[in-house]
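Each remark here refers to the structure printed beneath this line.
The values are calculated or read from the model by the stated rules, or taken from the named source; none is laboratory data. Nothing here was measured: the structure is a model prediction, and the numbers come from that model. As a convention, Cβ positions derive from the backbone with ideal geometry for all residues, glycine included, and neighbour counts pool all protein chains shown.
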Amino acid sequence: MQRLHAQERLFTSYTKKTNRPCWSLLGLPFDQVEPEQAVDIIDQAIKTKRRCFLSTPNLNFIVQSKRDESFYESVIYSDLVVADGMPVIWTAKLLGIPLQSRVAGSSLFETLQNKRRDKPISVFFFGGEGSAAEQAAENLNRNSVGMIACGSLNPGMGTVESMSDKAIIDQINTAEPDFLVVALGAKKGQQWIMNNREQLDVSVISHLGAVVNFVGDNIQRAPLRWQKMGLEWVWRILQEPLLWKRYLIDGLWFLRLMVTRVFPLATYQKMLRKQASQGLSMKIVNDVPGRNVELVMSGSATIDNGRLLKSSCRKILDQLEAAPKISINCSKLDYIDSSALGTLMLLKANIKRRGGEFGLFGTSPRINRLMRLHGVEEFLLEQ
């Protein structure tokens, strides 16, 4: 496989996919995709040998992202982020964000596994407890029509650094997988991917801890009816009783977020929308060629004028050198919605991956409050 440098890949994924619909929800960027679209994106990444770091945030991901900056950034820097959890979908509906369907990582893998193709997707299982990865590989080769396991490895209970040993990376690359399934626990798994994504010659990488157990028949997945009702967590506790504590902590955090962020945001953004102007203006007022750019964003940045925002960002990125600095003056900004915030999060992620700087400044108190309720103020505002 021809290796693409991660910085180049992320830059390309933003500039060429200018219509990528991305929404900020609870501080994380979510791609607005249905399960079938996510499957197509993964298939296309494998077919064209493009890398895709897939993150599947559920409630636990959101809670962990509030506690750990590196975990938060692992989602920000992902190439595809899908909503894997009914609480995420319920929250999106409450806030008017069009994430219609849960896109579970386990369901994506199952669909790919059962989809016939001329050349099966080669899969490497990395992690899991005991012989779970080995058993998953054996079962996949026995039962799948669309995938074939090319290897498995349980690296043990070491640190991210010890699991990033060159011998381990070489073993994975030598197997030439199309899809690397990581199962190290969400926090450690995401960090391991971030540490090694540039060294791995793999098209699709994702932390899908439960997939190893499901494919290996160590744990049975909840019936579809339970999944649709948002009760898969109950099923998981019945099979893995030790999970009760994690679900309790996550549930309490979710209630706190609902009371302190989500309900106030639902009311506040409705009020601001009524008062805000309808149009958007993007004007460059200071441009040091190839280096520093300052823009003034005026009016309302919403899904209705998202094309203007994305095209403006793309034009600027196309002209920049390796280490740009972009500042956006928001002193004349009346309102910004979740869609525009998602676009700006993608923009900053691309710039930071290229060693640059990005931030918003001049925001009014009401825009500051809006961004705080969205959970993006620390990431987007200039420090």
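Computed values, structure above
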item: Matching helices (runs of 4 or more DSSP H) fully within the stretch 147-263 where at least 1 residues are in contact (Cβ under 8 Å) with a residue 40 or more places away in the chain and within 20 Å of Glu134 (Cα to Cα); result: 166-175, 186-196, 209-215
item: Only listed residue being surrounded by 14 or more Cβ atoms within 10 Å (Cβ to Cβ) and under 24 Å from Leu370 (Cβ atoms), chosen from Gly251, Gly299; result: Gly299
item: Subset of the stretch 343-365 [buried (at least 16 other Cβ atoms within 10 Å of the Cβ), part of a helix (DSSP H, G or I) and not small (Gly, Ala, Ser)]; result: Thr343, Leu344, Met345, Leu346, Leu347, Lys348, Asn350, Ile351, Lys352, Arg353
item: Residue that is at pLDDT 95 or above, under 27 Å from Trp226 (Cα atoms) and not assigned by TED's automatic domain parsing to the domain that holds Ser339, where the choices are Leu99, Leu54, Leu59; result: Leu54
item: Hey, Ala167 buried (at least 18 other Cβ atoms within 10 Å of the Cβ) and in the same structural domain as Ser101 (by TED's automatic domain parsing) or not; result: no
item: Filter result for Arg116 (without any contact (Cβ under 8 Å) to a residue 40 or more places away in the chain and either in a loop (DSSP other than H, G, I, E, B) or not assigned by TED's automatic domain parsing to the domain that holds Leu180 (or both)); result: yes
